[in-house]
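The values are calculated or read from the model by the stated rules, or taken from the named source; none is laboratory data. These numbers come from a predicted model, not from an experiment. Quick reminder, even Gly has a Cβ in these numbers, built from the backbone with ideal geometry, and neighbours come from all protein chains shown. Areas reflect the complete protein model, heavy atoms only, side chains present, ligands, DNA and RNA absent. Shrake-Rupley method; radii C 1.70, N 1.55, O 1.52, S 1.80 Å.
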Amino acid sequence: MRYRAGIETRGRILETTRALIAEEGLEGTTIKAICDRAGVRPGSFYNLFKSKEEAIITVVREAIDAVDPDPDHRGTDTVGELVGAYVRFLNDQPDLASVYIGLAVSGSKNNTDLKGRVIRHHEGRVARFADALVREGIPEPEANRRAETLVTALNGVALHLVLDASFDVDTHARALLGDALEPA
């Protein structure tokens with residue numbers, strides 16, 4: 001019973017965090033606002049999350065996972081599917097994409113825990129892209145280099161979209177994909 005209550009509370013907190021990000025942006029997504037709207041006490045929040053940033057990163061990770069072409073990480077996704085999933089995340093969840101870029105760039109500057117999470121997420125994504133490139137016939141050392149370049153460039157596309165909502169993500173992502181898949 002207690003376990004179920006904890007899961008329900010966690011769900012309310014994450015749902016509220018998602019809604020606040022969309023409505024109020026990062027600045028309006030405070031722990032007080034989350035707790036008030038979710039109907040939980042701050043102590044309950046801190047039993048489940050170390051910080052507001054951890055709750056936000058969890059929301060962003062769940063949004064990214066929702067478009068993952070290979071959620072079980074069996075190694076069946078193509079680099080095109082991975083790029084497509086990232087583009088879907090940017091196009092379908094612009095508020096979360098904006099928050100993710102903001103946290104990655106400025107939020108993790110003085111927060112070593114958040115910085116570590118962002119770096120691990122980036123490295124994990126690079127590894128998945130590299131594996132997909134190897135399956136496309138690109139030799140491993142070159143696949144690793146191209147994957148790092150591709151993921152970093154996609155993050156640049158995300159940053160551009162955050163700064164200019166009219167930016168054509170699809171066209172730029174397709175061009176980056178074409179570059180990554182050129183014969184070695």
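Criterion applied to 135, 117 was being out of contact with any Pro (no Cβ under 9 Å at 6 or more places or on another chain) and within 20 Å of residue 183 (Cα to Cα), and the one residue passing it is 135.
Note on region 148-184: residues that are over 13 Å from residue 90 (Cα atoms) and not in a helix (DSSP H, G or I) total 3. Being touching a residue at least 60 places away in the same chain (Cβ under 8 Å), part of a helix (DSSP H, G or I) and either open to solvent by 70 Å² or more (accessible area, probe 1.4 Å) or not polar (S, T, N, Q) (or both) holds for only one residue in 128, 117, and it is 117.
All conditions but one from (1) more than 22 Å from residue 19 (Cα to Cα); (2) in contact (Cβ under 8 Å) with a residue 12 or more places away in the chain; (3) open to solvent by 20 Å² or more (accessible area, probe 1.4 Å); (4) within 18 Å of the chain's Cα centre (by Cα) apply to residue 136; the one that does not is (4). Summed over region 1-30, residues that are within 23 Å of the chain's Cα centre (by Cα), open to solvent by less than 50 Å² (accessible area, probe 1.4 Å) and not aliphatic (A, V, I, L, M) total 7.
Scanning region 29-61 for residues that are among the small types (Gly, Ala, Ser) and over 22 Å from residue 113 (Cα atoms) yields a total of 3.
Quick check on region 156-173: of everything there that is without any contact (Cβ under 8 Å) to a residue 40 or more places away in the chain and closer than 24 Å to residue 78 by Cα, which residue is surrounded by the most Cβ atoms within 10 Å (Cβ to Cβ)?
Within region 156-173, the subset without any contact (Cβ under 8 Å) to a residue 40 or more places away in the chain is 156, 160, 163-164, 166-168, 171-172.
Cutting the leftovers down to closer than 24 Å to residue 78 by Cα gives us 156, 168, 171-172.
Values: 156: 13, 168: 12, 171: 10, 172: 17.
Of everything passing the filter in region 156-173, 172 is surrounded by the most Cβ atoms within 10 Å (Cβ to Cβ).
Among the residues making up region 31-88, those that are more than 30 Å from residue 177 (Cα to Cα), in a loop (DSSP other than H, G, I, E, B) and either open to solvent by 50 Å² or more (accessible area, probe 1.4 Å) or not β-branched (Val, Ile, Thr) (or both) are 39, 41, 49, 50, 51.
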